[in-house]
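Read the figures in this text as sums done on the coordinates, not as results from a lab. Since the model is a prediction, treat every value here as computed from it, not as a measurement. All Cβ positions, glycine included, derive from the backbone under ideal geometry; neighbour counts span all protein chains shown.
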Amino acid sequence: MESKKVIIVGSSRNKGNTTRIIESVSKQFNIDVVNLSQYNISYYDYESKNRDDDFIPLIKNIIEKYDTLIFATPVYWYSMSGIMKVFFDRFSDLIRIEKETGRRLKGKKMAVISNSHDSKIENEFYIPFRKSAAYLGMDYLGDQHFNADQFEKIDEIKLDFI
Ligand SMILES: Cc1cc2nc3c(=O)[nH]c(=O)nc-3n(C[C@H](O)[C@H](O)[C@H](O)COP(=O)(O)O)c2cc1C
């Protein structure tokens with residue numbers, strides 16, 4: 001059975017470079033998209049007072065429907081975007097208050113798409129993703145960086161991890 005994939009987008013603007021790139025990628029490869037900016041997901045809370053925000057229903061739905069989670073982020077200050085980092089921090093809920101859901105990440109696949117105005121970025125950028133995948137028992141498929149300024153010149157998008 002073909003693995004069902006989703007691209008999870010975390011950018012601070014809705015009609016920006018990341019959404020533009022992901023729109024093309026999702027069309028070409030026929031991959032569903034979840035845009036984190038459409039959800040109310042607050043910072044990780046040790047007391048779990050935010051357990052009723054959108055994070056838990058969203059991640060449950062993603063886990064239910066998809067086997068491959070592709071995270072798409074712009075480079076903000078040499079790191080993933082803030083909205084993406086908040087989403088990742090909330091994975092701590094999955095090892096504390098929603099363990100059953102968290103365990104279901106095991107065996108799923110993870111990949112990353114990044115973009116900035118450069119054609120290449122350091123491999124270190126992907127360390128938090130790679131290590132999180134390992135910690136969660138996910139298989140890290142790889143990553144791909146796009147230069148947002150050159151993207152339109154690409155005839156056919158190639159994703160090494162697909
Ligand atoms: C807050 C912020 C921080 C950024 N930091 C970096 C950076 O560290 N390195 C870099 O190459 N580009 C950086 N950029 C440029 C973005 O990576 C680039 O414009 C990207 O295509 C933006 O995608 P977006 O339109 O989805 O926000 C930064 C942009 C913003 C808004």
Discussion item. Here's a check for you: in the stretch 20-39, which residue that is within 13 Å of the ligand (Cβ to nearest atom) and surrounded by fewer than 18 Cβ atoms within 10 Å (Cβ to Cβ) is nearest to the chain's Cα centre (by Cα)?
Written reply: Asn35
Worksheet, complete the sentence: Every listed condition ((1) of a type in the set (Asp, Glu); (2) within 10 Å of the ligand (Cβ to nearest atom); (3) under 20 Å from Asn61 (Cα atoms)) holds for Asp149 save (3)
Worksheet item: Taking Arg51, is it surrounded by fewer than 19 Cβ atoms within 10 Å (Cβ to Cβ), without any contact (Cβ under 8 Å) to a residue 12 or more places away in the chain and either of a type in the set (D, E, K, R) or part of a loop (DSSP other than H, G, I, E, B) (or both)?
Response: no
Worksheet item: Can you name the number of the only condition in (1) within 15 Å of the ligand (Cβ to nearest atom); (2) exposed (fewer than 14 other Cβ atoms within 10 Å of the Cβ) that Tyr126 fails?
Response: (2)
Item to complete: Collect the residues in the stretch 62-78 that are crowded, with 16+ Cβ neighbours inside 10 Å and either within 16 Å of the ligand (Cβ to nearest atom) or farther than 16 Å from Val6 by Cβ (or both), keeping them in residue-number order.
Response: Ile70, Phe71, Ala72, Thr73, Pro74, Val75, Tyr76
Item to complete: Read through the list (1) within 16 Å of the ligand (Cβ to nearest atom); (2) in a loop (DSSP other than H, G, I, E, B); (3) of a type in the set (S, T, N, Q), then give the number of the only condition that Asn115 fails.
Response: (2)
Worksheet item: Looking at Ser81, Ser119, Ser92, Ser132, which is the one that is surrounded by 19 or more Cβ atoms within 10 Å (Cβ to Cβ) and among the hydroxyl-bearing types (Ser, Thr, Tyr)?
Response: Ser81
Worksheet entry | In the stretch 69-86, the residues that are among the hydrophobic types (A, V, I, L, M, F, W, C), without any contact (Cβ under 8 Å) to a residue 60 or more places away in the chain and assigned to a loop (DSSP other than H, G, I, E, B) | Val75, Trp77
Practice prompt. Mind counting the residues in the stretch 138-157 that are part of a loop (DSSP other than H, G, I, E, B) and under 16 Å from the mean Cα position of the chain (by Cα)?
Written response: 1
Practice prompt. Specify which of the listed residues (Asn30, Asn14, Asn35) is free of Cβ contacts under 8 Å to residues at least 40 places away in the same chain, at positive phi and not basic (Lys, Arg).
Written response: Asn30
